[in-house]
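Asker: I'd like to ask some things about the structure below.
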Amino acid sequence: MSEPRQALDRGSSVLAASADPMTRSFALQAMAVAQRELGDGRAALRLVRRSLVAARRSASPPRVADVEATLGATLALQGRTKPALQHLDSALGTARGVNAARIRVRRGGVLHVVGRDIDAMRDLRAAMPALRSAGDRVYEARALSTRALVHAALGEHARADKDLARAEQLLLADGQLLESAFARHNRGQLAYRTGDLPAALRHLDEAEHIYREVGERDADLELQRSHVLLAMGMPDDARRHAAAAAEILEGNTAYANLRAEALLVAATAALAAGETAESRELAAGSVRAFRDQRRNRWAMRAQRVELLAAWLAGEATPAMLRRAQEAAVGLESWRDADAIEAHVLVGRIALRLDRLSVAEKHLSAAAASRGRGPAISRATGWLAQALLCDLRKDDRAVARSCGRGLDLLDAHRLTLGATEMRARATFHGTELATMALVRAAASSRTAELVSWSERWRATALSTPPVRPPDDAELTAELALLRTVTARLEEARGEGRPTTGFAREQSRIEATVRERTLRVSGTAMGLGSVVDSKLDVVALRDRLGAATLVDLVEIDGLVHVVTFRAGRWSRHVAGSTATVGDELEFARFGLRRVAMATTESAIRSAAGSLEGAGEALQKGLIGAAADLLGDGEVVVVPSGRLHAVPWSLLPALRDRPVTVAPSIAAWLRSRGATPPQRPKVTLVAGPHLGTGGAEVHEVCDRYAGATLLTGGAATADAVLAGLDGASLAHVAAHGTFRSDNPLFSSLQMSDGPLTVHDIERLHRPPHRLLLSSCDSGLGATAGADELLGLASALIALGTAGLLASVVPVNDAATVPLMVAVHGRLREGATLAQALHQARRWLGDSDPVLAATGMSFVALGAA
């Protein structure tokens, strides 16, 4: 199994040297297992059948029984479970003692695969005493590993983990490195089943390390990673690993069972990515494959995915309802974890067909699970309860159920350490939050609508990521990434080949990302969930004379909620699709002004901005523009609207505007206290057209300020300067990575300073000015989350941030930033300083005016 090619060579040598039937049966059996490991199922079957003929010629019943058991196991791996069990039954009929125990272990594995877990457990328990008495540690470990899978299928996770730990111990003690990887691999699967996703990734990564050590690539490992990543809300990553599994299995005739499972995982990942047609086709193919293999339990799992894809595409027929009921009943009988989702699907289809009694029956069955199992499964139970309450027209009970489900998902989110995982995992609560929002919007209770919009907005920013700042390996990897990226850019600038550098950059980025995803959170259980209730009194007191503008997207429309002087108002503005188009046009106009090189081009580009601002205002705030008064405005947009240049809107142009990802985030920043001892850090990165003139010009205004420029502006030096700063300003080229937002960066003298670097800070800067392109951008993730440089700083605790939402003109940025610093020195907040600087610079220079409108003030400091 560890070195199958070497086994084939040695087996061939034995066959050439010996005519003894017993010897030949051993050689052929070993060669059959080797071909099985190499993926040649046909060759494996030919060899094991030849081994069986030789064993019969040896006139040794134990030898015959053992080889026939290998034949059964080989057939099972090819999905031919019926003849597999027939051969295993036949082998067991003539075997005795430890030989019989080994065959029971093999048969137990096949029985588990076909869903006969109780029968499998009987075999495994019966085998254990004989194996221990014989001192057969390898088969004892195999029995423990298989028994662990059965325990897990029956929901006995603690027993499963105990068995796997013991199996791994036995295998390592016996020098069975590859099989110890199987045990570690199965521990990853178990951690996934119990909802500990970071631990699942850690176990799978450790198993992969062993596989690589022995020269193996394991398709099942890739499939398990896909399952974990789907649970994390990362369908694109899951699809990549499903594709890797398919690549490993390409041309493999020995593991037909895994090929069917790979189809199902690919279908599930496609569904999570919104590709319903592709998902349906893949799921239907896996249903057929599982039925051919007589794996009915798996067929029902695949059938559920196929029908869910059809339902999401808008279909609902009586035939679909019957098949969904068949899947739900079957999975329930197997106590399968997918049974909850299957019952919910029946309920959905039945509701669409107006089969209310059927819907109530199956939703009730799903709702019964809301008190047991992993957090995601229990949250699905609360979703079923919410649908049930909606069926019964009990709006208050719907809200309570949605709240309970979101509480569970909050607790689950806090078990995840990495920002990206926390953000993407919120997608599990999208339907619960949407149900509550829709009902709140239909009522006249505006405060309730705002409370629900807050409930599942920017939740990943409510707590900082779990990241040990002194993680030496992570620090080394990030330093290596800077070096490689710098060399890549140098080669690109000189016209030299870049393929090798680009490949190494991608490899290091993948390593860093995988390391961060393995980090567990620090909080467990509902008691750790931060109170999400909106404190209206605190909001009123903190706002003072300012006006809150909260933008909520519901059913394709922008709902505008204003709160001023303790009074709520609500309006419906434009459609989200139209607003999206207008936003892109406005941002394009600002980019044109920044990049224009002639006077006529500047005037032409600037001329479009007034109309763009009016169109944006109509779609974003509509009639609510008349309710803003004359004071400051705090805007809380949805994640998809984070990149709006708010000062471009006529109603917001002549006032300070603060932007926050949520009301809770704004309240936290409003209450943040600056460091007791002032610490000012000013940074100018390389290759700026102005040389970072703004930081040089303002440096003398701050006594004791640290100025980092030229070669001194290294990533480590800048991080040290930012850590605990009361005020920091970084003038540098910025890069926003929409493909991988946590690798968005600021260019330092030794390479990029990424979000991963920023998250290593012990204490982030209280106030930070980023005069760099696109520094305020983020990628939307999960339900309504943002991933990027600005959102990472807010999560860490930065109270005020000035950043741009489009590329900006370097030369025009200098006077703007100098003016902002002047107002900050007078005691202004960042929003006030930006507004006053824009007024002071005036509108006569269109490039200066556009640059001022390209920046936004985030937070309250």
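The values are calculated or read from the model by the stated rules, or taken from the named source; none is laboratory data. Since this is a predicted model, take the numbers as computed values, not measurements. We place every Cβ from the backbone using ideal geometry, glycine too, and count neighbours over all the protein chains shown. Surface accessibility is based on the protein's heavy atoms, side chains included, excluding ligands, DNA and RNA. Shrake-Rupley method; radii C 1.70, N 1.55, O 1.52, S 1.80 Å.
Asker: How much accessible area per residue does segment 637-688 have, in Å², with a 1.4 Å probe?
Answerer: For segment 637-688, the solvent-accessible area averages 39 Å² per residue.
Asker: Set the Förster distance to 25 Å, then compute FRET efficiency between ARG763 and ALA476 from the Cβ-Cβ distance, nearest 0.05.
Answerer: E(calc), rounded to 0.05, equals 0.65.
Asker: Sum -39500 (n - 2.57) across every DSSP H segment of at least 4 residues in the chain, then divide by the residue count to get the 222 nm mean residue ellipticity, nearest 500.
Answerer: Result for the chain, helices only: -20000 deg cm²/dmol.
Asker: Continuing with this model, one more query. Quick one: order THR681, THR709 from most to least accessible surface, probe 1.4 Å.
Answerer: Highest to lowest solvent-accessible surface, that is THR709, THR681.
Asker: Calculate how many DSSP beta bridges within the chain are antiparallel, expressed in % of all such bridges and rounded to the nearest 5.
Answerer: 55 percent
Asker: In whole Hz, what ³J(HN,Hα) sequence does segment 843-856 give by Karplus (6.51, -1.76, 1.60; θ = phi - 60°), x for Gly and Pro?
Answerer: Whole-Hz 3J(HN,Hα) from phi for segment 843-856: 10, 5, 9, x, 5, 4, 5, 5, 5, x, 7, 7, 9, 10.
Asker: Tally up the carbon and sulfur contribution to the accessible surface of segment 551-681 as a whole percent, 1.4 Å probe, everything protein left in place.
Answerer: Result for segment 551-681: 50 percent of the exposed heavy-atom area is carbon or sulfur.
Asker: Among ALA342, ALA693, LEU85, flag the residue with its Cα farthest along the positive direction of the charge dipole of the chain, charges on Cβ as +1 for Lys/Arg and -1 for Asp/Glu.
Answerer: Toward the positive end, the furthest listed residue is LEU85.
Asker: Using +1 at the Cβ of each Lys and Arg and -1 at the Cβ of each Asp and Glu in the chain, identify which of LEU172, THR419, VAL755 lies farthest towards the dipole's positive end.
Answerer: LEU172
Asker: If you take the square roots of the eigenvalues of the alpha-carbon gyration tensor of segment 218-310 and sort them as a ≥ b ≥ c, do you get rounded (a/c under 1.5), prolate (a/b over b/c) or oblate?
Answerer: Oblate, because a/c is 1.5 or more while a/b does not exceed b/c.
Asker: Compute, for MET234, the solvent-accessible surface of its heavy atoms (probe 1.4 Å) with the complete set of protein chains present, and express it in square angstrom to the nearest 10.
Answerer: Surface accessible to solvent at MET234 totals approximately 0 Å².
Asker: Please calculate how many Å² of accessible area segment 242-296 carries per residue, with a 1.4 Å probe and no DNA, RNA or ligand atoms counted.
Answerer: 43 Å²
Asker: Let me ask you something else. Considering only protein heavy atoms and a 1.4 Å probe, what is the carbon-and-sulfur percentage of the accessible area of segment 399-447?
Answerer: Reported share for carbon and sulfur atoms: 53 percent.
Asker: Moving on to the next point. Could you sort 833-843, 354-364 so that the peptide with the highest average Cβ count within 10 Å comes first and the rest follow in order?
Answerer: With the highest mean Cβ count within 10 Å placed first, the list reads 833-843, 354-364.
Asker: In segment 164-221, which trypsin sites (Lys or Arg not before Pro) fall in coil by DSSP and have 14 or fewer other Cβ atoms within 10 Å?
Answerer: Here the trypsin sites (Lys or Arg not before Pro) that fit, given the DSSP loop and packing criteria, are ARG217.
Asker: Let me ask something else. Please calculate the 1.4 Å probe accessible area of LEU111, with all protein chains present, and give it to the nearest 10 Å².
Answerer: Using a 1.4 Å probe on the heavy atoms, I get roughly 10 Å².
Asker: If you don't mind, another one. Please report, as a whole percent, how much of the solvent-accessible surface of segment 160-217 comes from carbon and sulfur atoms (probe radius 1.4 Å).
Answerer: Ligands and nucleic acids excluded, carbon and sulfur give 44 percent.
Asker: Still on this structure, please answer the following. Place a +1 charge on the Cβ of each Lys and Arg in segment 199-286 and a -1 charge on the Cβ of each Asp and Glu, then give the dipole magnitude about the Cα centre in debye, rounded to the nearest 20.
Answerer: Roughly 180 debye, rounded to the nearest 20.
Asker: Among 340-348, 254-262, how do they line up by average Cβ neighbours within 10 Å per residue, starting with the highest?
Answerer: 340-348, 254-262
Asker: Moving on. Roughly how big is the chain's charge dipole about its Cα centre, with Cβ charges of +1 (Lys, Arg) and -1 (Asp, Glu), in debye to the nearest 20?
Answerer: The dipole of the chain has a size of about 3020 debye.
Asker: Could you please put LYS618, LYS82 in sequence from largest to smallest accessible area, using a 1.4 Å probe?
Answerer: Highest to lowest solvent-accessible surface, that is LYS618, LYS82.
Asker: I've got another one for you. Ranked highest first by the average count of other Cβ atoms within 10 Å around their residues, in what order do 511-517, 701-707, 264-270 fall?
Answerer: My ranking of the peptides, most packed first, is 264-270, 511-517, 701-707.
Asker: Using the heavy atoms of the protein chains and a 1.4 angstrom probe, tell me the accessible area per residue for segment 332-433 in square angstrom.
Answerer: 38 Å²
Asker: Given +1 on the Cβ of Lys and Arg, -1 on the Cβ of Asp and Glu, and no further charges, what dipole in debye does segment 1-148 carry about its Cα centre, rounded to the nearest 20?
Answerer: Here segment 1-148 has a charge dipole of around 220 debye.
Asker: Does segment 127-200 classify as rounded, prolate or oblate by the C-alpha gyration tensor (a ≥ b ≥ c root eigenvalues; a/c under 1.5 gives rounded; else a/b over b/c gives prolate, otherwise oblate)?
Answerer: Note, shape of segment 127-200 comes out oblate.
Asker: From the phi of every residue in segment 555-571, what ³J(HN,Hα) in whole Hz does the Karplus formula 6.51 cos²θ - 1.76 cosθ + 1.60 yield, where θ is phi - 60° and glycine or proline is x?
Answerer: 6, x, 10, 8, 8, 10, 10, 10, 9, 8, 6, x, 10, 9, 9, 9, 9
Asker: Express in whole angstrom the spacing between the alpha-carbon centres of segment 695-763 and segment 178-197.
Answerer: Result: 40 Å between the Cα centres.
Asker: Can you find, among GLN832, LEU770, ILE118, the residue sitting farthest towards the positive end of the charge dipole of the chain, where Lys and Arg contribute +1 and Asp and Glu -1 at Cβ?
Answerer: ILE118
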